Structures are given as C-alpha cells and as structure tokens.
1. With the requirement that a residue be assigned to a helix (DSSP H, G or I) and not polar (S, T, N, Q), what does the stretch 194-234 give you?
2. Consider only pairs whose beta carbons are under 9 Å apart and that are at least six residues apart or on different chains; among these, list those whose first residue lies in the stretch 122-148 and is more than 13 Å from V212 (Cα to Cα) and whose second residue is of a type in the set (A, V, I, L, M) and surrounded by fewer than 17 Cβ atoms within 10 Å (Cβ to Cβ).
3. Only one of these is in a helix (DSSP H, G or I), over 18 Å from the mean Cα position of the chain (by Cα) and over 20 Å from G186 (Cβ atoms): N26, N30, N13, N101. Name it.
4. In the stretch 171-189, how many residues are over 17 Å from L230 (Cβ atoms), among the hydrophobic types (A, V, I, L, M, F, W, C) and under 17 Å from the mean Cα position of the chain (by Cα)?
5. Can you name the condition, by its number, that G133 falls short on among (1) crowded, with 20+ Cβ neighbours inside 10 Å; (2) modelled with pLDDT of 90 or more?
6. So which of A300, A281, A258 ends up being assigned to a helix (DSSP H, G or I) and either touching a Lys or Arg at 6+ places or on another chain (Cβ under 6 Å) or surrounded by fewer than 20 Cβ atoms within 10 Å (Cβ to Cβ) (or both)?
7. Considering only the stretch 67-82, how many residues are surrounded by fewer than 15 Cβ atoms within 10 Å (Cβ to Cβ) and assigned to a helix (DSSP H, G or I)?
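The values are calculated or read from the model by the stated rules, or taken from the named source; none is laboratory data. It should be emphasised that the depicted structure is a prediction, and the values quoted were computed from it without experimental measurement. Note that each Cβ is placed from the backbone with ideal geometry, even for glycine, and that neighbours are counted across all protein chains shown.
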Amino acid sequence: MKKKTAVVALGGNAITDKDREDNIPNQFINTEISLEGIIKLIDDGYNLALTHGNGPQVGNAVLRVELARGKAPELPIFICVADLQGGMGYMIEQVLRNKLNKLGISRDVAVVVTQVMVDENDEDFADPTKFIGQFYEPEQAESLKKEFGWKMKPFPGDQRLRRVVASPKPLCLIEKNVIKRLVEAGVVVIAAGGGGIPVIKHQGVLKGIDAVIDKDRAASVMARDIEAELLVILTSVEKVALNYSKPTQRDLDKMTLAEAERYLSEGHFPPGSMGPKIEAAVDFLKAGGSKVIISSIEKAYEAVNGRAGTTIVA
C-alpha cells in the first residue's frame, strides 16, 4: 500500500519562542519541543516533506549585513535566505535524527536547499509591502534609498522608516523532482525553508532576486508539486476562527473550499495573519489536493487524526 504523503509547514514559533531569548541554544530547545507531533506522524508511516518559516531569523541576518557594512561584503536577501535554509535546516535535521534514533525509528532525513520560481513582473514588485531590517530616521532612509535603490516606507505607528521588499507568489519549486523522489523513497525532506530562495528566469537563466516568499504559499506549491494528499499548516492557534479576537469569535472545526473562499472574501482572515494560510489552502485544494489541516504546533498529531485543528476539504 502506498504511504500517505504530507507536507507540513512549521510556523515561525517552531524555532523562535517569543517567551525565550532568541539565541541558538534556545532555538534547538524550541525545535525539539516543536517536532513531537512530527515524530508521531513519521512513526505512523507518513512520507513527509517539512518546511519552516524564517521571519525573525531573516530579519536578524539582514541586520547583521547592515551592521557590517563597510567591513564585510554585502549579502543580498536571496543569499541570506539560502544561508538560513542551510543553518535552520541543519538544526531541524539534527534534532529530528536524534529523536528518531532515540526511539529506534529508522528513517533518513535530508535538507534540500530550494529555489522557488517567481514572476519578475509580479505586481508586488511594483509596490512592495514586506518590512525587513532596521528602523531608520527619514534623513538616513533617504540616503540609503539613493545609495542602494531601496524602497522605504514608514512603519505603522512609527515615524521612522524601514526597507520594504516584494513578497511575490511562488510558481514552482526548481528542485521539485528531487524532493518528490526523496519523499517517495521514505526520506523525511526539509525543503523550501523560509518560503524558498526567490529566483526568476531571465533569458533562460535562473537568477536570484531580492524578495521574500510567504512560507505557507510555498508549502502549498510544494505539496502540489510533489503530489501530496495532505497539507498541514502549523501556527500559534489551535483552530481557524471567524471574528478572531472579538466577542463573537467562532472557532471552526471544518470548512469546505467554497466556505473558505467566502470567509476570505468577507475579510475574516487578515493579510498579515490567517489570510495567507487560507489562500495557501485554497490553492492546494484547487490544484487537486485532498485535505488541508490548520492547527497549533502543540496539537499537530491530534489535528491530523481529527481531534484538533481546522480541516478544510474540497
């Protein structure tokens, strides 16, 4: 019998816990805690591809580049994303291998540094909105705009400005065939970390571009590309809710694709939080996926087995 294939997207809180100092030892601790449900899925026989966010980490990477200006070579954002795929992927792989070995579960684990194709004419390049890096006073921001061609915008609720970059929609994974073959062979694959390295094809040649791709949208594309039946999006809340944080909040156990699209159009899922997750779910189901589960990292295993989370079906 063919094993079920799932793509699991770990939220940013899987590695960085807002209640702990964000240093490397603590990231290892957080990662170990976050992988408990993943271990159970592996033990149940699932073929898995994992992806992860890098929001806090890529911000820190860009900060290090800015602080080292004039002392070390400039690193573009797409190289920072590639570096983090290696570093964070190593962390997840090592923790996963150690836990599997301790439990006597024989599964290989591998990290695939992943390029993700985007359209250089994506509308988000014209008016980028993804804040990244430090805060700058207006005069300093103007100088950086002239020197590096950066786009800067005032940060909400602050007079200072921050750099903004595009967050284009992912089209496909360049390494999709490699990832698919590994997953089908039973290897637990960690891929498309941080949404993947954004690349465009210019005159037939792949080229990195400064942008950041939404991790959940990339997970949806990966699930489609490797023909997974299940997409699991793990975040900080146990269930998707209507009227979130309002007295009329209603948690949802299940949604159809049509309901998800309707609630999205009605504004229940804001762009900065649940919106991209629902959009990723909709895209995956429309591409032929069977099921999407959205839940908390702590309830991952229970959610896959129908005891927690929100399930979305076509």
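1. As a first pass, look at the stretch 194-234 and keep what is assigned to a helix (DSSP H, G or I): 194-195, 215-225.
Selection gives G194, G195, K215, D216, R217, A218, A219, V221, M222, A223, R224, D225.
2. From residues that are more than 13 Å from V212 (Cα to Cα), the pairs are Q134/L63; Q134/L67.
3. Numbers: N30 fails: over 18 Å from the mean Cα position of the chain (by Cα); N13 fails: over 18 Å from the mean Cα position of the chain (by Cα); N101 fails: over 20 Å from G186 (Cβ atoms).
Selected residue: N26, the only one of N26, N30, N13, N101 that is in a helix (DSSP H, G or I), over 18 Å from the mean Cα position of the chain (by Cα) and over 20 Å from G186 (Cβ atoms).
4. Total meeting the criteria: 4.
5. (2)
6. On the way: A300 fails: either touching a Lys or Arg at 6+ places or on another chain (Cβ under 6 Å) or surrounded by fewer than 20 Cβ atoms within 10 Å (Cβ to Cβ) (or both); A281 fails: either touching a Lys or Arg at 6+ places or on another chain (Cβ under 6 Å) or surrounded by fewer than 20 Cβ atoms within 10 Å (Cβ to Cβ) (or both).
Exactly one residue qualifies, and that residue is A258.
7. Of the residues in the stretch 67-82, 1 are surrounded by fewer than 15 Cβ atoms within 10 Å (Cβ to Cβ) and assigned to a helix (DSSP H, G or I).
So that you can scan it fast, the table gives a plain yes or no per residue for (1) more than 27 Å from L144 (Cβ to Cβ); (2) out of contact with any Phe, Trp or Tyr (no Cβ under 9 Å at 6 or more places or on another chain):
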residue: T31; (1), (2): yes, yes
residue: D44; (1), (2): yes, no
residue: N60; (1), (2): no, yes
residue: E66; (1), (2): no, yes
residue: G70; (1), (2): no, yes
residue: Q85; (1), (2): no, yes
residue: M91; (1), (2): yes, no
residue: V95; (1), (2): yes, no
residue: K102; (1), (2): yes, yes
